[in-house]
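Below: the structure, in structure tokens.
The values are calculated or read from the model by the stated rules, or taken from the named source; none is laboratory data. All figures in this text were calculated on a predicted structure; none of them were measured in a lab. Note that each Cβ is placed from the backbone with ideal geometry, even for glycine, and that neighbours are counted across all protein chains shown.
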Amino acid sequence: MDSLAVRRREARLSAKHGPRYVTLRMRWDTEKGEFDLRCPQQFVNMDLEIEAQGLARHYFTELPPGAPRRDLALTRGATITGRVLRNGKPAKNITLGAIQADRSFRRRVGAYTTGTGDGGRFVFPNLPGAWVTRARCRMASGDLAGAESDLAACKPILLDHKISPIFAGFHSRAAGWWEVTAESRTRNGDVRDACEAWAEAVKCRRHVASLPQVSGPYTLAALARALRRLGEELEAAGKPEDGQTPMAEALRIWCELGLPEQGLR
């Protein structure tokens, strides 16, 4: 759990077997952050929700029993700060809530609340799943270093763990990670690696668009945009012939959705 051991008094763990939460016997090593769970009944896999002080809450799904011991990594989440105004003046003691946009099956991590203090200011610390969004915003504002820092922080969660192919929200966020990474590489002048990143983004977007539970105009439009950017990056890399195929596919998808061609540019 992160680079530091998470002690028992600092962490909360919930286990779910099938549709129900179950009571388990737990043995916890308070120095190393290690734990063992014992279930009185046999099971194929289990879902764990882990929350620890100073780290973002995370949901680990379909963990099978037995060896080998698994590392469940928690990271520090993104932080959202702001100020609430009422009639142009700072509003104190206002309760605010935050909930992730993707609340799909097994991806929801729950709601967060906070309140405004002096000056109407508020802060949501350690929000899970917000790294890519903040990296994208930082990239758009020209903060390349900040965007790359956010990308590095969420990479262990998005890319370093095997995730079931049915989790559309997770794969969509992975696609977003590759898209922002591609933009970062372009701005650093690394066109070849940018092409590779866009190819990975297209792969993720294509997978999400193929899932029946989310297939539709939004996922197809996201795929078309990624294909267009891949084609443009290949042209910039001096490979115009390679770029024609993704560009043509992007335009075909876009037009089949009934969208104006100029909207793809």
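ALA140 satisfies every condition listed in (1) among the hydrophobic types (A, V, I, L, M, F, W, C); (2) within 19 Å of the chain's Cα centre (by Cα); (3) at pLDDT below 85 except (3).
Sub-6 Å Cβ pairs linking a first residue in region 134-155 that is touching a residue at least 60 places away in the same chain (Cβ under 8 Å) to a second residue that is of a type in the set (Lys, Arg), at least 6 apart or interchain, are ASP150/ARG134, ordered by first then second residue.
Inspection of region 151-166 identifies at least one residue that is crowded, with 22+ Cβ neighbours inside 10 Å, out of contact with any Gly (no Cβ under 9 Å at 6 or more places or on another chain) and more than 17 Å from LEU223 (Cβ to Cβ). Taking region 183-221 as the range and being surrounded by fewer than 16 Cβ atoms within 10 Å (Cβ to Cβ), basic (Lys, Arg) and under 16 Å from TRP254 (Cβ atoms) as the test, no residue passes. Just to be sure before I move on: is THR116 within 30 Å of ASN93 (Cβ to Cβ), at pLDDT 85 or above and polar (S, T, N, Q) in the structure I sent? When the stated conditions are applied, THR116 passes them.
Being crowded, with 16+ Cβ neighbours inside 10 Å, touching a residue at least 40 places away in the same chain (Cβ under 8 Å), of a type in the set (A, V, I, L, M, F, W, C) and part of a helix (DSSP H, G or I) narrows it down to one residue among ALA250, ALA224; which is it?
None of the others qualify; the one that does is ALA224.
In this structure, VAL208 does not qualify as in contact with a helix residue (DSSP H, G or I) (Cβ under 9 Å, 6 or more places away or on another chain), hydrophobic (A, V, I, L, M, F, W, C), outside any helix (DSSP H, G or I) and at pLDDT below 95. Of the residues examined, ALA145 is not one that is touching a helix residue (DSSP H, G or I) at 6+ places or on another chain (Cβ under 9 Å), modelled with pLDDT under 90 and not polar (S, T, N, Q).
Can we say ALA236 is touching a residue at least 40 places away in the same chain (Cβ under 8 Å) and over 22 Å from PRO165 (Cβ atoms)? In short, yes.
Among the residues of region 227-236, is there at least one that is surrounded by 19 or more Cβ atoms within 10 Å (Cβ to Cβ) and touching a Ser or Thr at 6+ places or on another chain (Cβ under 8 Å)? Yes, region 227-236 has at least one match. Scanning region 79-89 finds no residues that are assigned to a loop (DSSP other than H, G, I, E, B) and modelled with pLDDT under 70.
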